[in-house]
Amino acid sequence: MVDVVVIGGGQAGLAAGYFLRRAELDFVILDAHAQPGGAWQHGWDSLRLFSPAEFGRLPGWPMPPQAGEGFPTAGHVVDYLTRYELRYDLPVRRPVRVHRVGRTGRQWTVDTDHGTWHSTAVISATGTWHRPNRPCYPGQATFTGQQLHTVDYRRPDPFAGQRVLIVGGGNSAAQILAEVSTVAETTWVTARPPRFMPDDVDGRVLFDVASARTAAERAGLPQQEGVSALGDIVMVPPVLAARARGVLTAREMFDHFDSTGVAWADGTRWACDTVIWCTGFHPDLDHLSRLRLTWQDDHPVTSGTRSLEQPGLHLLGYGDWTGPSSATLIGASRTAKQAVAEIRDYVLEVRSAPVS
Ligand SMILES: Cc1cc2nc3c(=O)[nH]c(=O)nc-3n(C[C@H](O)[C@H](O)[C@H](O)COP(=O)(O)OP(=O)(O)OC[C@H]3O[C@@H](n4cnc5c(N)ncnc54)[C@H](O)[C@@H]3O)c2cc1C
């Protein structure tokens with residue numbers, strides 16, 4: 001029996017571990033990956049942070065700068081997270097996959113492929129990478145080309161000489177379009193016109209906006225606009241280069257597939273070899289299905305990270321619904337701090353409650 005089981009050892013789980021240690025709670029972090037680094041192990045080869053290392057820090061120890069040009073690579077982030085859990089001696093068990101979370105009275109039961117843990121509280125920090133959103137369109141099954149998602153994409157070379165359709169209006173779509181268009185003929189489609197951030201906005205500005213929003217929330221001031229008010233796409237150097245080449249123009253979503261490509265409502269068609277769906281992710285929460293949580297807007301209802309229905313359950317990371325920018329390195333720290341403060345109070349309350 002431990003005070004807290006943390007499910008997921010990516011950045012959100014590690015940030016929680018840091019604060020749990022400081023709160024002197026007894027905890028374990030269970031992570032399905034064989035290696036540290038969470039989803040940062042899976043991005044495409046050229047993936048980099050939107051900002052310098054110091055704006056990607058977890059609590060306690062800032063990410064060291066990466067030698068050389070540009071913002072840190074995904075590999076550098078993996079290295080940082082690996083060293084981070086060693087530095088704070090965080091009790092991460094891996095690979096351990098949680099299958100099911102249940103509760104009896106005030107005790108949580110966490111069933112895994114390596115046994116069962118019992119705890120007073122549970123933090124779910126399983127991210128979104130393994131629940132890609134794959135939309136369905138009429139005729140899709142008849143399309144004979146290949147269909148990939150962001151999670152399948154590594155580098156542009158396999159698409160050399162092809163005709164590639166990129167779907168989606170976010171950073172993944174813009175960055176993948178930027179590099180695939182250097183070797184292939186591309187068409188970009190988005191559900192609404194793409195919203196580019198100003199050229200001089202990078203992770204530093206996003207951090208400032210998210211911080212101002214958090215400060216306003218804490219002071220009880222009216223809600224400020226979040227980073228999404230600035231746009232959806234950060235103009236990183238490859239995306240700027242794509243704009244200069246004239247490939248950063250999007251068409252509206254097509255209407256349906258046929259065997260060789262896609263067709264729009266106005267009758268135009270585009271034959272293609274590959275479709276890359278850069279259409280985002282859902283929270284990876286199958287392990288909580290037994291709890292029958294109420295979902296709204298693609299996630300369980302919470303107040304910040306705290307489940308409104310299950311005392312002692314917190315959801316960390318995932319997206320803005322658990323706190324401003326909580327799915328970023330720096331945002332994860334802020335939300336983890338608040339979550340652990342609430343969990344500590346809850347654990348102390350349970351400890352002092354009379355045994356029934
Ligand atoms: C293209 C792209 C660019 C990004 N750029 C930036 C950026 O510049 N700056 C920034 O701060 N953020 C950026 N992010 C966002 C963010 O930092 C990552 O999405 C981040 O990996 C989320 O961390 P996490 O800990 O919530 O989830 P993850 O990193 O996905 O970690 C979750 C962990 O939980 C484990 N897990 C899942 N299910 C189970 C289970 N049932 N049992 C046990 N373990 C389980 C997984 O194995 C994994 O290790 C970017 C994201 C993307 C997709």
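The values are calculated or read from the model by the stated rules, or taken from the named source; none is laboratory data. Here the structure is a predicted model, which means the values were calculated and not measured. In this analysis, Cβ positions are derived from the backbone assuming ideal geometry, glycine residues included, and neighbour counts consider all displayed protein chains. What goes into the accessible areas is simple: the full protein's heavy atoms, side chains included, and nothing from ligands, DNA or RNA. Shrake-Rupley method; radii C 1.70, N 1.55, O 1.52, S 1.80 Å.
Among the residues of region 38-47, are any in contact with a helix residue (DSSP H, G or I) (Cβ under 9 Å, 6 or more places away or on another chain), within 12 Å of the ligand (Cβ to nearest atom), touching a residue at least 40 places away in the same chain (Cβ under 8 Å) and closer than 20 Å to Phe19 by Cα? Yes; the residues of region 38-47 include at least one that is in contact with a helix residue (DSSP H, G or I) (Cβ under 9 Å, 6 or more places away or on another chain), within 12 Å of the ligand (Cβ to nearest atom), touching a residue at least 40 places away in the same chain (Cβ under 8 Å) and closer than 20 Å to Phe19 by Cα. Cβ-Cβ distances below 8 Å connect the following pairs, each with a first residue in region 229-246 that is over 13 Å from Met197 (Cα atoms), a second residue that is of a type in the set (Asp, Glu), and a separation of six or more residues or different chains: Pro238/Glu179. A single member of Ser333, Ser325, Ser356 is within 16 Å of the ligand (Cβ to nearest atom), assigned to a loop (DSSP other than H, G, I, E, B) and modelled with pLDDT under 95, and it is Ser325.
Between Arg269, Arg306, the distinction of being charged (D, E, K, R), assigned by TED's automatic domain parsing to the domain that holds Ala174 and at pLDDT 95 or above belongs to Arg269 only. Any residue at all in region 12-23 that's open to solvent by 50 Å² or more (accessible area, probe 1.4 Å), within 30 Å of His287 (Cα to Cα) and more than 9 Å from the ligand (Cβ to nearest atom)? Yes, the conditions are met somewhere in region 12-23.
The residues in region 287-340 that are of a type in the set (A, V, I, L, M) and under 19 Å from the mean Cα position of the chain (by Cα) can be counted, and the count is 10. Do we find a residue being surrounded by fewer than 16 Cβ atoms within 10 Å (Cβ to Cβ) and without any contact (Cβ under 8 Å) to a residue 24 or more places away in the chain anywhere in region 271-285? The answer is no; no qualifying residue exists. Looking at region 280-298 only, could you name the residues that are of a type outside the set (Phe, Trp, Tyr) and away from the ligand (no atom under 12 Å from the Cβ)? If the condition is that a residue be of a type outside the set (Phe, Trp, Tyr) and away from the ligand (no atom under 12 Å from the Cβ), then His282, Arg290, Leu291, Arg292, Leu293, Thr294, Gln296, Asp297, Asp298 are the ones that fit. Within region 313-333, residues that are within 15 Å of Val77 (Cα to Cα) reach partners that are in a helix (DSSP H, G or I) and near the ligand (Cβ under 6 Å from one of its atoms) with beta carbons closer than 6 Å, at six or more positions or on different chains, in the pairs Leu329/Gln11; Leu329/Gly56; Ala332/Gln11; Ala332/Ala12. Is it the case, given these coordinates, that Arg306 is more than 13 Å from the ligand (Cβ to nearest atom), closer than 21 Å to Ile29 by Cβ and in contact with a helix residue (DSSP H, G or I) (Cβ under 9 Å, 6 or more places away or on another chain)? Yes. State whether one or more residues within region 162-177 are over 19 Å from Leu47 (Cα atoms), surrounded by fewer than 22 Cβ atoms within 10 Å (Cβ to Cβ) and touching a residue at least 12 places away in the same chain (Cβ under 8 Å). Looking through region 162-177, at least one residue is over 19 Å from Leu47 (Cα atoms), surrounded by fewer than 22 Cβ atoms within 10 Å (Cβ to Cβ) and touching a residue at least 12 places away in the same chain (Cβ under 8 Å).
Restricted to strands (runs of 3 or more DSSP E) entirely inside region 108-184, those with at least 1 residues that are touching a His at 6+ places or on another chain (Cβ under 6 Å) and in the same structural domain as Leu25 (by TED's automatic domain parsing) are 115-124.
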